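*Asks:* Below is one structure. I have some questions about it.
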Amino acid sequence: MPIRTVAQGIRCQRITEHLARRKAGSERKRKQTLSQPAPSPTPGPEKPVLLDRFLQTASDAPSAPALHWDGGTATYSQLSCQAFRVANCLKRCGFAGNSTCVLLTGSGPVSYAGLLGILLAGGCYVPTGEHWPPRRNLSVIRQSKARFCILDPALLPVYRDLLPELEDMCIITGAGFSEKEPGDQPLNSSCSWLSCAACPGDRLEFTPSRSGNDYFYLLFTSGSTGTPKGVGITGNAVEAYFSCLAELAPVSQGERFIQLHSLTFDVAEHAMWRSLSSGGCLYLTGEDVRFMPGAFIRRHRITEMMAVPATGSMMLRMRVLRPGAFPDLRRIFFCGEALPAATAAAFCSALPEAMVCNLYGPTEVTIACLFYLVTKEKLAKDAINSYTPIGRPLPSTRIRVADSSLAPVRNGETGELLLAGSQLAPGYWDDPDKTAAAFVTADDGCVWYRTGDLVRSTGCGLCYLGRRDTMLKIRGHRVELAEVESALAKAVPSPFAVAVPRMRAGEVTGIGIFVPADCKVTDEEIIRQMGLTLPPYMLPDTIRRLESFPLNANGKIDRGRLRDMLTS
Amino acid sequence: MSTEKSQIFRKLVEQLLQKHPGSGYRSLEDLPGDTSLITLGVTDSIGMLEFLLSLENATGTQIDYISADTSELVTVNGLRRLFSIPEE
C-alpha cells in the first residue's frame, strides 16, 4: 500500500503553538450536548495527558514510527496530520464537543487517525465491528445517536449493507494513508459524504477544548435482553487507568507494542495508548496473526503484549513458550477472562526477566482496575482452582466484597465484587434502568458497580471464583447466553432450543446449541439467521439435535447435563 | 503414507466444515487454496489451533510455530506445503 508522502506534513512549530495554547487556556465549561446522564465529576488529571503526549511526540520526533500494519507504516507526523484533517473536517461540519462519532474503519490504521481526530475535536469515538452483522452495527450507531462517522473507503464492501441504512449522517472519508479514493458510494440520499483530505493537516483551525468529564469512547457489550448495551467512558477514567499503569510498569520511549484486539474491545485501548502516549510504535495485526502471534512478536521484536488469556494458552499449546524465544518481550499483560495458572507459569518460565501481570476489570471500570504480578513461586501458593489471582486494586480503585445486601462479607468469605473510584463509568448509555440496577449506592453513600463476579479475599488480594449469573467470557468477549438464546429463538421458535458453553480444561472455548430432533430448520439456516444479529464470537460452533432433553428435579431443562454432553 | 496423509487432511477439513456450517463451504474442493480459513469463516482462532494440533497428531509432523510463516498455517495450500500433503 503506497504511503502518501507528507514529509511536508505537519509543521512542528504549529503543533508547539497548539500545545502552548492548550496549556495557557483554561478549559471552557461546555454544555452537555448528549442526552445522557451527565457524568458525575471524577478526579483526574487537569488536562488530557495522553493526547498531549501524542502531539508532543509528533512535535519532537515527527519521523518516529507510530503505526505499523501489513503493508505500511505511518510516522507520528503522518498520523497527526491525518488526525488534524479529521478534526478540522468535523469542526467545519458543525461537530459539537462531547458528541459521538462512529468509526467505520475496521481495525486498520484509519481507525487511529479517525479516533485521534475525534478526540481533538472534543468528541467521543464509537467503534463498530467490521465482522459484526449490519444489524448489530446499526443498533450501535442508532443507540449512540451519532450524526457523524469516519469511513475507511477500503472497507466499502464490508459496510455495503450497512451504509444504505444510515440516516442523516455526515460520512467523512480521506483519513487513510493511501491514495485510494472511495469507489462508487452506495445510494443514500439522506447522508452527506465528504473527504477530509482537503482540510489542513498541519494545524487545528479551532481552539481545542476537552473536559476530563467528557466522554472519550463508547463501547457496546453483550446485553441480556438481546440488544447490546453501551458503556461510555470519560477522559478522566481513561487517564486514571494509564496513570496507574505508568507507575506500575513504566515504558521507555520507542518501544514496540502489539495490538491484538479490535477497538470494539476495551483491551485494545491498553496497547494503543501505552504506545502512542510514550512515543512507541503500535503494530496492528489481523485475525491470522492474533490466532498465533508468536512468530510476529519475535520478528518485530515486540516489547509489550496485552492479550486475553486464551491467546496465552494457545501460545503454550503451540510450544512457543521456550527460553530465549522472545528476547525483546519485557512485559506481558493478561486481561479479559480468568488466567489459567499453568499459562501464567509457562510465561514466567520462558521469560524470567519479563513482567507477567494479570489484570482484571470490566468495561464499566475502564479496561482494568486490579492487578497481580506473577512469579512462579508466588503463583504456586496463591492460585485457587488452578487460576491466577486477580490481586489488588490500582490506586484509582476501591473494592468491596459484598453479600446480597451489598454489605461487606467477612475476610476470606466469598462475595460479589463491587468496584468504585475514578475509573468508574457514569452508567449505561441511555439506559437508566440498567444503570440503576448495576451502579448502586451502598450504606457508605458511595456509588459502586456490581460486577457480578464472585471473589474471595486471600493473602495475595482477590481470587476470582466465577459468576453469579450466566454471563460468559469467550476469548475475553462478554457473552450473555440470554442474548444468544434470543437470536436462537428467532431461528428456532421452540422452548427446547438452548445455548450452553463448550468447555475445555475449565475454559469456555465456544458455544453449542441444542435443538429438537424434529426441528425443520437446517444447521446452515440456524447459523445464518443468528448471524444477522450476533457477531462471530457469539455464534455457536456446534449444533446438536436431541430426541429428548434432560430435565432436572424441577422439570426444567438440565443445562449442566447439556454442557457435559457437549464436552464429552 | 502420502495417500494416507491426504485422506487424513480431507477428513479433518470436512470435520471443520461441518462444525461451521455458516461458512457455506461444503467440501475441500470448494475452498480457495490461498485464502485464510479464518478469513473465509470456516473456523475461528481456537478452531484453527485444534485443527493444527489434530493434523500434527494424525500425521506425526510437528511444526515449529515460532519460525513458521503464519500465513502458511491458515490456508489449504500452505498447510499442504507445511505437512507435505499431496493433492489427491
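The values are calculated or read from the model by the stated rules, or taken from the named source; none is laboratory data. Since this is a predicted model, take the numbers as computed values, not measurements. We place every Cβ from the backbone using ideal geometry, glycine too, and count neighbours over all the protein chains shown. Side chains included, ligands, DNA and RNA excluded: accessible areas come from the protein's heavy atoms. Shrake-Rupley method; radii C 1.70, N 1.55, O 1.52, S 1.80 Å.
*Asks:* Under 1.5 on a/c is rounded, so check that first for the range A:48-111, then, if it is not, pick prolate when a/b is larger than b/c and oblate when it is not; a ≥ b ≥ c are the square roots of the alpha carbon gyration tensor eigenvalues. List each step's numbers first, then the result.
*Replies:* Details: a/c = 2.11, a/b = 1.33, b/c = 1.59.
Judged from the Cα gyration tensor, the range A:48-111 comes out oblate (a/c at least 1.5, b/c at or above a/b).
*Asks:* Moving to a separate point now. Name all residues of the range A:208-249 having a backbone nitrogen under 11 Å from the label point set 7 Å from the Cα of A:ARG53 along its Cα→Cβ direction, giving them as ranges.
*Replies:* Hits in the range A:208-249 for A:ARG53 at 11 Å: A:239-249.
*Asks:* Subtract the Cα-Cα distance of A:MET503 and A:LEU138 from 0.36 nm times their separation in residues, and report this length gain in nm to one decimal.
*Replies:* Full extension from A:MET503 to A:LEU138 adds 128.2 nm.
*Asks:* Between A:TYR428 and residues 5 or more places away or on another chain, which pairs have amide H atoms under 5 Å apart, with H built 1.01 Å from N, and which residues are they?
*Replies:* Excluding prolines and chain starts, which carry no amide H, the hits are A:THR435.
*Asks:* Evaluate E = 1/(1 + (r/R0)^6) for A:ASP564 and A:THR414, where r is the Cβ-Cβ distance and R0 equals 25 Å; express this FRET efficiency to the nearest 0.05.
*Replies:* For A:ASP564 and A:THR414, the calculated efficiency is 0.55.
*Asks:* How high is the FRET efficiency from A:LEU155 to A:ALA517, r the C-beta distance, R0 35 Å, rounded to 0.05?
*Replies:* 0.25
*Asks:* Amide H of A:ARG330: which non-local residues (sequence gap of 5 or more, or other chain) have their own amide H closer than 5 Å, using H built in the peptide plane?
*Replies:* A:GLU304
*Asks:* I would also like to ask the following. Apply the a/c threshold of 1.5 to the C-alpha gyration tensor of the protein assembly as shown and tell me whether it is rounded, prolate or oblate.
*Replies:* Working: a/c = 1.38, a/b = 1.22, b/c = 1.13.
Rounded, because the longest to shortest axis ratio a/c is under 1.5.
*Asks:* In deg cm²/dmol and to the nearest 500, what is the mean residue ellipticity at 222 nm of chain A if only DSSP H runs of at least 4 residues count, each as -39500 (n - 2.57), divided by the residue total?
*Replies:* -8500 deg cm²/dmol
*Asks:* Starting from 0.36 nm per residue, how many nanometres of slack lie between A:ARG467 and A:ARG528 once their C-alpha separation is accounted for?
*Replies:* Length difference between fully extended and current span is 19.0 nm.
*Asks:* Could I ask something else about it? Estimate the FRET efficiency between A:ALA489 and A:GLU165 by the formula 1/(1 + (r/R0)^6), using the beta-carbon distance for r and 25 Å for R0, to the nearest 0.05.
*Replies:* Details: r = 24 Å, r/R0 = 0.95.
Using R0 = 25 Å, I get an efficiency of 0.60.
*Asks:* Please report the relative contact order for the range B:2-82, taking Cα pairs under 8 Å with a sequence separation of at least 6, and give it as a percent rounded to a whole number.
*Replies:* On the way: 72 pairs, mean separation 25.9, N = 81.
That works out to 32 percent.
*Asks:* Right, something else. Find the percent of Cα-Cα distances in the range B:2-82 that exceed 16 Å, and round it to a whole number.
*Replies:* Percentage above 16 Å: 46.
*Asks:* For the range A:101-123 and the range A:426-454, write down the distance between their C-alpha centroids in whole Å.
*Replies:* Each part reduced to its Cα centre gives a spacing of 29 Å.
*Asks:* Collect residues whose amide H, placed 1.01 Å from N in the peptide plane, falls under 5 Å from the amide H of A:GLY421; neighbours closer than 5 in sequence don't count.
*Replies:* Hits under the 5 Å cutoff: A:ARG398.
*Asks:* Can you give the relative contact order of chain A as a percent, counting alpha carbon pairs under 8 Å and 6+ residues apart?
*Replies:* Details: 1228 pairs, mean separation 69.4, N = 568.
Taking the mean separation of contacting Cα pairs over the length of chain A, I get 12 percent.
*Asks:* Now for a separate question. Considering only DSSP states other than H, G, I, E and B, which trypsin sites (Lys or Arg not before Pro) in the range A:485-568 qualify as loop sites with at most 14 other Cβ atoms within 10 Å?
*Replies:* Filter output for the range A:485-568: A:LYS520, A:LYS556.
*Asks:* Given a 1.4 Å probe and every protein chain left where it sits, what share in percent of the accessible area of the range A:74-210 is carbon and sulfur?
*Replies:* Ligands and nucleic acids excluded, carbon and sulfur reach 49 percent.
*Asks:* Once you have a ≥ b ≥ c as the square roots of the Cα gyration tensor eigenvalues for the range A:471-567, tell me rounded if a/c is under 1.5, and otherwise prolate or oblate according to whether a/b is larger than b/c.
*Replies:* Verdict is oblate for the range A:471-567.
*Asks:* Are there GluC sites (Glu not before Pro) in the range A:326-414 that DSSP marks as loop and that have at most 14 other Cβ atoms within 10 Å, and which are they?
*Replies:* Qualifying residues, ordered by number: A:GLU353, A:GLU413.
*Asks:* Now a separate question. Excluding B:LEU82 itself, what net charge comes from residues whose Cβ is under 12 Å from its Cβ, given Lys and Arg +1 and Asp and Glu -1?
*Replies:* -1
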